[in-house]
1. Which number in (1) open to solvent by less than 30 Å² (accessible area, probe 1.4 Å); (2) over 28 Å from Asp162 (Cβ atoms) marks the one condition that Arg25 misses?
2. State whether one or more residues within the stretch 79-95 are surrounded by fewer than 17 Cβ atoms within 10 Å (Cβ to Cβ) and either farther than 21 Å from Thr149 by Cβ or of a type in the set (Phe, Trp, Tyr) (or both).
3. Restricting to the stretch 28-64, what's the tally of residues that are open to solvent by 30 Å² or more (accessible area, probe 1.4 Å), modelled with pLDDT of 95 or more and touching a Ser or Thr at 6+ places or on another chain (Cβ under 8 Å)?
4. Out of all the residues in the stretch 100-125, which are in a strand (DSSP E or B) and open to solvent by 30 Å² or more (accessible area, probe 1.4 Å)?
5. Determine if the stretch 8-18 includes at least one residue that is open to solvent by less than 50 Å² (accessible area, probe 1.4 Å) and at pLDDT 85 or above.
6. Report, by residue number, each residue of the stretch 55-83 that is under 19 Å from Leu108 (Cα atoms), touching a strand residue (DSSP E or B) at 6+ places or on another chain (Cβ under 6 Å) and not in a strand (DSSP E or B).
7. Can you spot a residue in the stretch 36-50 that is under 21 Å from Arg107 (Cβ atoms) and either touching a helix residue (DSSP H, G or I) at 6+ places or on another chain (Cβ under 8 Å) or polar (S, T, N, Q) (or both)?
8. Condition (residue is farther than 20 Å from Ser58 by Cα and modelled with pLDDT of 75 or more) applied to the stretch 143-155: is it met by at least one residue?
Amino acid sequence: MFKIVSLYLIFAVCTLQSCTSPSERRFSGYRNNFYDSIKKYQAVEFDFMYDNLLPQKSYLVNGKVKFLVLKSSGELCDSEKMYIFDLKTDSLIQKVERSECYETADRLKKSSDIIFVRTKETTEQFYDNGMIMKTENADSDFTHNENITKIKTTTEKAFKKDQLR
């Protein structure tokens with residue numbers, strides 16, 4: 001009986017796994033690595049919103065933002081961005097972004113599902129529906145994005161203020 005249940009469970013998992021899109025599986029890998037890093041660094045989650053229209057999750061190490069997640073949703077597109085910062089230089093090390101767009105507002109059919117992976121080294125990788133589309137040199141402004149820097153510093157100030165209470 002145990003063998004039959006085990007076989008059924010394995011079959012169900014394999015069937016459900018095949019239902020996910022290639023982009024979903026690839027992004028899940030990036031997301032899992034991101035959250036594993038948060039655990040590895042023992043980062044503290046801090047509940048703060050820089051902008052109410054841009055939900056944020058911040059994870060701090062020694063009072064500095066090490067990990068940042070920003071999500072946005074519109075009528076036809078959703079996006080999730082995960083940032084990793086260098087604690088010594090405060091510069092951006094990696095950004096993983098997923099953008100899902102739909103053909104109509106009822107969101108029954110996706111028109112695109114793109115993953116961008118940017119690192120401070122020299123590559124930018126674009127994935128559409130699980131396939132690598134393009135790799136090129138990174139943007140020159142990658143490590144010092146003014147908007148992200150402002151979100152990061154404002155979050156750190158709010159964290160310090162919260163710690164003083």
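1. Arg25 satisfies all of (1) open to solvent by less than 30 Å² (accessible area, probe 1.4 Å); (2) over 28 Å from Asp162 (Cβ atoms) except (1).
2. So in the stretch 79-95, the residues surrounded by fewer than 17 Cβ atoms within 10 Å (Cβ to Cβ) come out as 86-91.
Filter again for either farther than 21 Å from Thr149 by Cβ or of a type in the set (Phe, Trp, Tyr) (or both), leaving none.
No, the conditions are met nowhere in the stretch 79-95.
3. 1
4. Glu100, Tyr102, Lys110, Ser111, Ile114, Phe116, Arg118, Gln125 - these are the residues of the stretch 100-125 that are in a strand (DSSP E or B) and open to solvent by 30 Å² or more (accessible area, probe 1.4 Å).
5. Looking only at the stretch 8-18, we keep the residues that are open to solvent by less than 50 Å² (accessible area, probe 1.4 Å), and these are 12.
If we keep only those that are at pLDDT 85 or above as well, we get none.
There is no residue in the stretch 8-18 that is open to solvent by less than 50 Å² (accessible area, probe 1.4 Å) and at pLDDT 85 or above.
6. Listed by number, the list holds a single entry, Leu76.
7. First, pick out the residues of the stretch 36-50 that are under 21 Å from Arg107 (Cβ atoms): none.
No; the residues of the stretch 36-50 include none that is under 21 Å from Arg107 (Cβ atoms) and either touching a helix residue (DSSP H, G or I) at 6+ places or on another chain (Cβ under 8 Å) or polar (S, T, N, Q) (or both).
8. Of all residues in the stretch 143-155, those farther than 20 Å from Ser58 by Cα come to none.
No, the stretch 143-155 has no match at all.
The values are calculated or read from the model by the stated rules, or taken from the named source; none is laboratory data. If you're wondering where the values come from, they're calculated on a predicted model, not measured in any experiment. For neighbour counting, all protein chains shown are included, and Cβ atoms are generated from backbone atoms with ideal geometry for every residue, glycine included. When the accessible area is computed, the model is the full protein with side chains, heavy atoms only, and any ligands, DNA or RNA have been set aside. Shrake-Rupley method; radii C 1.70, N 1.55, O 1.52, S 1.80 Å.
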